[in-house]
Structure formats: structure tokens, C-alpha cells
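The values are calculated or read from the model by the stated rules, or taken from the named source; none is laboratory data. All of these numbers come straight from a predicted model, not from anything done at the bench. Here Cβ is always computed from backbone atoms with ideal geometry, including for glycine, and neighbour counts include all displayed protein chains. Side chains are part of the model used for accessible areas, which takes the heavy atoms of the whole protein and leaves out ligands, DNA and RNA. Shrake-Rupley method; radii C 1.70, N 1.55, O 1.52, S 1.80 Å.
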Amino acid sequence: MSETAPAPSAGPVAAGDRHISGVPIRLDGVTKRYPGQEQPAVDDVTLEIAAGETVMFVGPSGCGKTTLLKMLNRLIEPTSGRIHLGDEDVTDQDADQLRRRIGYVIQAGGLFPHMTVGTNVGMVPRMLKWDKERTAARIDELLDLVGLDPAVYRDRYPRELSGGQQQRVGVARALAADPPILLMDEPFGAVDPITRQRLQDELLRIQEELGKTIVFVTHDFDEAVKLGDKIVVFDVGARVVQYDTPERILAEPAEDYVADFVGAGATLKQLTLTRVGDVDLVQVTTAVAGSPSAEAVAAARAAGDDFVVVLDARGRPISWPTVAELTRTATVPQTVDERLPVVGLRSTLNDALDTMLAASQGGVVVTGRRDGLAGVMAVETVMAAIQRSRTEAAG
Amino acid sequence: MTAAPEVRAGDAPEPAPAEETARHADPSAAGGGGWRALLLQPALVVLGVVAFLVWRLTADLSDTEARQLGWAVLGDSIREHLALTAVAAVIVLLIAIPLGIALTRRPLRRLSPLVVGIANTGQAAPAIGLFVLLATWLGFGFGTTVVALVVYAALPVLRNTMVGIEGVDARLVEAGRGMGMSALAVLLRVELPLAVPVLLAGVRTALVLLVGTATLATFIDGGGLGVLINTGITLSLDSLLISGAVLVALLALAVDWLGRLVEHVARPKGL
Amino acid sequence: MWEYVTERADLIAFQAVQHVSLVVQCVLLGSLIGVALAVLVYRNPKATALANGMSAVGLTIPAFALLGILLAPFGFGITPAVLAVTFYAALPVLRNAVVGLAGVDRATVESARGIGMTRMATLLRVELPLAWPVILAGVRVSTQMVMGIAAIAAYVLGPGLGGFIFSGLSRLGGANALNSALTGTTAIVLLALVLDLLLVLAGRLTTPRGIRV
């Protein structure tokens, strides 16, 4: 049985001005047979992935999606078929050399516990014989990219980090030698929902900056819809059932199988398709931590706001005290509110609603590049979107 | 002589994991209890040595006893004992660690249950039986003793090398290969460093086993502190017997402590 | 060799029974002592550390040395043999029992107390059964170890198969020396394996079904 899935014609989502550093991937009749098993684990898969796109592999467990992913960096050798990265046929290349050019992220980061964060991130550059200064500079650059202060985290050991931080280091390590391709094998499967959502936002932000070709295996369809430019739905033997944009898969599932997999409640799934950045955000009064409270209070009253978003020195939101609270302090407090509900511009309305509910707040703070403040979104905005999609569904 | 903890991995699936915890209670105790636990043991050893010296200098000894417990004779016995232990230990490390590594590599991995099974069965053999059987074949003396000691002490090192390497999270190995490390690089930079605590626990076990088992050397003319005990038993001279026994026990404790110290220092940071 | 064995079948059988009987009784006694000590210490971190230290230090003392030390007060015979074998039998059980009891989920213990079970009932009906597989693993280690130690005890005129090994040693070079030593050694290995098998079987039968793997 042969299944051919050409790259969907619905052109790359990447806008013309987006920077793309990835290369296309082409699989040609890739098959994996294990001795003693009648059915091949991966059966004659032909697939094209465009440069700079994030393609999500979804499907039931045991469908061969992880096997297919691992054949891309030849952790599993294909029984037959060819694999092309860019213009190169890499099927017979030296596997170790090949893998140094492909970033690989697994659950919990797969960090080496006996090496510091810096050493972990610097592994591939060192294998590629970069000089010390270049490696050190790259480590700091990458830690900064994934939102970890290099001075604080460079010399820590993985066990001194939270699950989410370990995962960030895992992403930094995979990006170390600036590979054009990033393979991610259920990377966010082991963290709690709130952390997972932040990591997803982070990945979207990084991808917007770097434009890698990302292949991402997940069992979470919402994650696929949120992160993917395209989604591949697999059935047993890695049969490609549908390969399309999230919007079209949700709107027109190719088979009942896909419809079942997507799940009921497709109306609310539309919440997963709308990004926070797509709706109107409210601009609010801000104040830098440590500045005089009186100024902030005056500004807020002038603008008619009843709360103020406090930013740290790097412009990142850390808390949102009410005006009444601020009048009681001389300077704007420096304390970081751990429960501050934050989402990114590329988060979905679904994420935003989740975050509000988890924090019991009527709104969320929205951050953009490098975690800087982009605005605030109120629960009413989400409600309006739900109303709209219900009306559309009814009509 | 068999009086040392042994690590049994692989047989009987259900107790195995629990047993592992039980065994590696030592390294974790050294890690958790920290330096205080590490200081108690040498204190005990020093106390024992001082007590022995005081007794030796003040005791009223017969001629035979005084001759056997003369400083030169004592020194020779201790040196012999240490030589037996050290030579056997070096050979054990040279054989068991590479073999243990080889048995975790893909081509030989299928053989590992067989090798561990044979080794476990061999471990059930009484040390004294092994000494005597080897002596009927190789004759008496230092060489035979070393052979017997090596056969006897290789197992804990072999087993812990394998358990240590197999205990490394498979995902870390995959992460290493996935970022382009060669199989050798993964072994040297990931698997072996992470196996160090378990491996060293096995080495310490083997060393303690060696010190104890070397007392049996006296039966096949291999020398060492066992001679004192044996002479004490045959001549009914309690002072010799107890001197030998106490010195061996102190030596074993000291070696055990050194092993723990090395484990404490060599434990990879970050674990 | 076969001739040697058949000629002395009675003696070998007698010594084998003696050997196993010494080991089994001492392991039983040692296990009781080990578990009892563990029960006394496992709730107190300091006492637990002390017990762990004791078993670790105890296990470093060479058996031949301990036998020697015990000879001085007790003389030749069964007493030093029993004392030494019991001593070594108790240590692995002590260590594993401490680990096993400490490994019982606190929530389980609390819920037992919560439904009104007394401390004693909790220990007997919840904690010890849950720790049992680990304790039994300790018993297996003990048994294997003291099979060999019992062989050395023959040197201080304890009973058992060690006698064959030492008589082989004393007649080394002469007729039957090899046969004698080989008989003793092989018999001990075989019996050790049989005992281990029985303990594994006992483990299957006595481990509560819910925690069997």
C-alpha cells in the first residue's frame, strides 16, 4: 500500500518578510520493517516538508510517527526509501555527522545530569571544534534566546532547574550549532499544563525569529493546532491520512478517522485557531519597578485604569497591582507575582482562557518579543470570540 | 570472607529493584549523611589501632607470642596482606571493568544474562573451597592466592559495571546519539561518568572482599595476616589470634573508608 | 570421583544436613534479629543511620577474623560457629528491612492509622507485608553468604560440609584430596542454589498478590 502526500498547495504560512533559515525535507518511499513483525512500522511514506515550516506529526500511539521522526536523523535506519534534506540525499551519510546538523529535542530535555547547563548547551559546538570563545558566546546567546539569564543558569546543574527550565535548556542545546532542522519528540509531554503553554509560546516566538524547519511529534491535538503550520495525521504504519493546515483539518477532516481524532466540540476548537495577537489588546498604564508610586498612580488615574502593570528593568511584566494597592507604597514594588497570568502573542484564545481560569482573574497580561509587554486581554474578548464562532456554526 | 555485600542483578525480577536500592543504600548514605558519616569510620579505625598499640606495648607476652608479634614480623604480615589485596585488585579492575563494559555493548549484550548467571552461581562457591581446589591444580603460594582472590572478587566489579551502565537512562543515550555523538563518545562522556557511583561501590565491595578473603591465604601458604590467626588457633595462643583478627578487621574498615572517600569525591557533580 | 561420592554417601548426606541445618537455623534467628532491630530504628533517622552504619561496618569484618575472635572466649565447637553465622545472617536482613520499611508510602500508613488501626496492627498488617519483598531479598543475600561462612566454621570444628574441604587441604597431594575438596565445594554450591530457589518460591507464595510484579 503506497500513500503519497504532496506538500499541500496552501502555500507556506510564512509571510514574505519572515526570515527562514530552515531547509526543506523530502521523504521518498521511506519504509521501516522490524524483523519478526508482519506489518512494517512505517510503510512507504512519501512526504515533503517546506523550508521554515513547523509540521506536527499526530496519530495514535504505535502508529509509527516517532519511528518516522527518528529516521530523519537516522537514530533508526530506514529499511528502504530515501531521505533528502535540502538538495542533499542524506540516506547514506555518516549518521553522527548528520545528527550534528539536526537539532533534536526529547521529553524533559534529555539533559546530561552530570554536566552544567552551559556544558550541555555547548556539546555540539565542541564536537564541531568551535573555539572556546565562540562556544561560550553562543551558549550565552542561546540561554538568552530561551529566556534564561546566562549569568544565573550557565553553571547550574540540570537538577537545580524546574521541569520547564530544563526543557528550555533542551531547546537551547538543540539549537546550539544553528541547525536548519529541529526534530522534537513529544518535548512538552512531561510538564504541567501552564508550563507547557508557556513553553509552546516560547517555541512559537523562537520559531518566528529563526524560521527553522521543525518536525514535532505530539499526541495532543490542541498542541498540534497551536504550534503547527501544517499537521500530518497518521494511522497505523505511518499511513498519511491527512496533511494540511490546522484550519483545513478542523474544517474538512479527510476521513471519519480524522474527525474522530480531532474530537467533538469543533466549535470551541476554533478558540485554538485564533491567536491572542489576532484580537485587539488593551493598552494599560505601566510603571517600572522601584520608581515612585505617586507617578504611576497619577498616570493610571489620568488614563482611567484601575490597575498598573509593573515592568522589570528589561521591560518584562512582573505584577499588576491595583491603583489602591499602589497608593499604600512609596515606590512601585519589585516583587515578582508568581501567579501573574501571562500569555504570548502567539498563544491561542484557548490558552488565554485557561490561564485566566487557573489564576481566577478576569484578564491576562500579553507579552511579545523577549517577553516584553504587548498589552492586556480581558475575558470579555474571549467571550465575544466564542459568541461569534457559535453564531457562525449555527448560521 | 564472603562477608561483604554482593550485588545481585538480573535474577528474580521482583526483588531486584528493591535490592538495588538496598544495596546502593551505601552510596546514597555517604551522599546524604555527608562528611559526618565519613568521619566516624576512620575515628573507629584510629581508636582500634591505638588500642592495639597500647595493648601490644603493655601486654605480658610469652616468648613465642613476642616473636610472632614482633614489629618486623607484624610489618611483614601487613605488607604481605596489602600486596595480595593490591595485586589482586589491580587485576580485577583490568579484567572486570572492560568485560563489564563489553557486555553492555550491542554485539555482546545477549551474552550478559549468561555471564551474570555463571558468575552468580560461582559466587555461591565457598571461598575456602576455591582456594583449596586451585591449590590442588596450581600448587601453594602467592600466585595461586592471587588467582583465587581475582576469581572471587571479579564478580562485584563486573556486575556493578554492568548495572551502572545499564542504569543510565536510555533517553540520555538517545539524546547523545541524537546530537551526533559517536557510540564511543556517548560511552566515555555520558554512560561511564553516570555509572561511576555504582561502579565505585562495586570496586569498594571487591576491595573489602579481598582484604577479608586474603586471610584464607594462610591455608595455601600465601602469607598475610591470616597466618597470625591460624597460628593462634593451632597453638591456642589467644593473643596471636585476636591480634590477627583485630588487625584484619581494622584493615578492612580502613579500606572500606578509603573506598567511600573516593566515591564521595569522584561522584559526578550534579547528581 | 563418582566412586568417592557413592562410598561416602552417608557421611556426605549427614554433613549436608548438618550444614543446611546450621545455615537455616542461623538465618531464621538472624532474620528475626535483623527485622526486630529494623522495626526499632526505622522511625528514627539517627537510629536508622546508626543501624545502617553497623550493618555496613559489620559486613566489612572478615569472617575468619570474627571466628578467631569468638574462639578466644568460647573455644572450639558449635558456639562460635553459630554466633558468627547468625551475626552475618542478620546484617543484610537488617539493612534491607530498614530500606523496606522506610520505603512504605507514608500515605498508606496514615490511612491505616486513620481507620483506627493501632501502631502494632499497622506494623504487622500494613508495613511489614509491604516491606516483605525487600526483606526477603535480604534473606536471600544472607543465605548465600553464610553458606560459605559455614564452610569456614568447619575449621573451628563447627559442623558441615566445610570438613570435606579442610580434610582435602590437609591431605593435599595425597589420594582423594581433590575429590574431598571438590565434594565439599560442589555440595555447598548446589545446596546454596537449592536454598535460593526455595526462597524465591517462598517469596512468590508469601508476597501479597497486590504488590507482586
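Taking C:SER167 as the residue in question, decide whether it is over 24 Å from the mean Cα position of the chain (by Cα), surrounded by fewer than 22 Cβ atoms within 10 Å (Cβ to Cβ) and assigned to a helix (DSSP H, G or I). Here the answer is yes, as C:SER167 does meet what is asked.
With the structure loaded, tell me whether A:GLN93 is at pLDDT below 95 and under 26 Å from B:ASP169 (Cβ atoms) or whether it fails that test. Answer is no for this residue.
Would you pick out the residues in the range B:201-238 that are open to solvent by 20 Å² or more (accessible area, probe 1.4 Å), within 21 Å of B:GLN68 (Cβ to Cβ) and either of a type outside the set (Val, Ile, Thr) or under 13 Å from the mean Cα position of the chain (by Cα) (or both)? Explain how you work it out, then say what you get.
Applying the first criterion (open to solvent by 20 Å² or more (accessible area, probe 1.4 Å)) to the range B:201-238 yields B:203, B:207, B:221, B:227, B:230-231, B:234-238.
When the remaining residues are screened for being within 21 Å of B:GLN68 (Cβ to Cβ), the result is B:221, B:227, B:230-231, B:234-238.
Of everything in the range B:201-238, those that are open to solvent by 20 Å² or more (accessible area, probe 1.4 Å), within 21 Å of B:GLN68 (Cβ to Cβ) and either of a type outside the set (Val, Ile, Thr) or under 13 Å from the mean Cα position of the chain (by Cα) (or both) turn out to be B:ASP221, B:ASN230, B:LEU235, B:SER236, B:LEU237, B:ASP238.
When B:GLY244 is tested against (1) within 13 Å of the chain's Cα centre (by Cα); (2) closer than 25 Å to B:VAL151 by Cβ; (3) facing chain C (nearest Cβ under 10 Å), just one condition goes unmet, and that condition is (1). Would you say B:LEU184 is free of Cβ contacts under 8 Å to residues at least 12 places away in the same chain and open to solvent by 20 Å² or more (accessible area, probe 1.4 Å)? Answer is yes for this residue.
Remark: A:ARG74 falls outside the filter, which requires a residue to be within 8 Å of chain B (Cβ to nearest Cβ) and either acidic (Asp, Glu) or open to solvent by less than 50 Å² (accessible area, probe 1.4 Å) (or both).
Output the number of the condition that C:ILE211 fails; it satisfies all remaining conditions of (1) more than 10 Å from chain B (Cβ to nearest Cβ); (2) open to solvent by 40 Å² or more (accessible area, probe 1.4 Å). Single failed check for C:ILE211: (1). Scanning the range B:143-166 for residues that are surrounded by fewer than 20 Cβ atoms within 10 Å (Cβ to Cβ) and closer than 29 Å to A:ARG101 by Cα gives a single hit, B:GLU166.
Each row is one residue, and each column tells you yes or no for (1) aromatic (Phe, Trp, Tyr); (2) closer than 20 Å to C:ILE61 by Cβ.
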| site | (1), (2) |
| --- | --- |
| B:TRP55 | yes, yes |
| B:ASP63 | no, no |
| B:ALA66 | no, no |
| B:THR85 | no, yes |
| B:ILE95 | no, no |
| B:VAL115 | no, no |
| B:ASN120 | no, no |
| B:GLY139 | no, no |
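Scanning the range C:187-208 for residues that are open to solvent by less than 60 Å² (accessible area, probe 1.4 Å), part of a helix (DSSP H, G or I) and within 10 Å of another protein chain (Cβ to nearest Cβ) returns C:ALA187, C:ILE188, C:VAL189, C:LEU191, C:ALA192, C:LEU195, C:ASP196, C:LEU199, C:VAL200, C:GLY203.
Name the helices (runs of 4 or more DSSP H) wholly within the range B:112-208 that hold at least 1 residues that are at pLDDT below 95 and more than 14 Å from chain C (Cβ to nearest Cβ)? Quick ask: steps written out before the conclusion?
Numbers: elements: B:112-123, B:127-138, B:142-166, B:170-178, B:183-186.
Per the criteria, B:112-123, B:142-166, B:170-178, B:183-186.
The requirement of being within 14 Å of chain C (Cβ to nearest Cβ) and at pLDDT 90 or above is not satisfied by B:ALA89. Annotation: of all residues in the range C:54-70 being touching a Leu at 6+ places or on another chain (Cβ under 7 Å) and open to solvent by 10 Å² or more (accessible area, probe 1.4 Å), the one that is nearest to the other protein chains (Cβ to nearest Cβ) is C:VAL57. Scanning the range C:16-36 for residues that are of a type outside the set (A, V, I, L, M) and either out of contact with any Lys or Arg (no Cβ under 9 Å at 6 or more places or on another chain) or loosely packed, with under 14 Cβ neighbours inside 10 Å (or both) turns up C:GLN18, C:HIS19, C:SER21, C:GLN25, C:CYS26, C:GLY30, C:SER31. Just one of the numbered conditions (1) surrounded by fewer than 17 Cβ atoms within 10 Å (Cβ to Cβ); (2) facing chain B (nearest Cβ under 7 Å); (3) more than 30 Å from C:PRO129 (Cβ to Cβ) is not true of C:GLY184: (1).
Where helices (runs of 4 or more DSSP H) sit wholly within the range B:1-78, those with at least 1 residues that are open to solvent by less than 50 Å² (accessible area, probe 1.4 Å), in contact with a Pro (Cβ under 6 Å, 6 or more places away or on another chain) and at pLDDT below 50 occupy B:15-23, B:25-58. Check A:TYR243, A:TYR257 and return the single one that is among the aromatic types (Phe, Trp, Tyr) and under 22 Å from A:LEU204 (Cβ atoms). Result: A:TYR243 is the single residue among A:TYR243, A:TYR257 that is among the aromatic types (Phe, Trp, Tyr) and under 22 Å from A:LEU204 (Cβ atoms). Going through (1) over 27 Å from A:ASP96 (Cα atoms); (2) surrounded by fewer than 19 Cβ atoms within 10 Å (Cβ to Cβ); (3) without any contact (Cβ under 8 Å) to a residue 24 or more places away in the chain one by one, A:GLN242 falls short only on (2). Taking every residue in the range C:168-197 that is at positive phi and modelled with pLDDT of 85 or more and pairing it with any residue that is among the hydroxyl-bearing types (Ser, Thr, Tyr) and in a helix (DSSP H, G or I), at least 6 positions away or on another chain, yields no pair with a Cβ-Cβ distance below 6 Å.
Only one of these is of a type outside the set (Val, Ile, Thr) and touching a Pro at 6+ places or on another chain (Cβ under 7 Å): C:SER170, C:SER142. Name it.
Numbers: C:SER170 fails: touching a Pro at 6+ places or on another chain (Cβ under 7 Å).
The unique qualifying residue is C:SER142.
A:LEU75 fulfils the conditions (1) closer than 23 Å to A:PRO253 by Cα; (2) modelled with pLDDT of 90 or more; (3) touching a helix residue (DSSP H, G or I) at 6+ places or on another chain (Cβ under 8 Å) except for a single criterion, (1).
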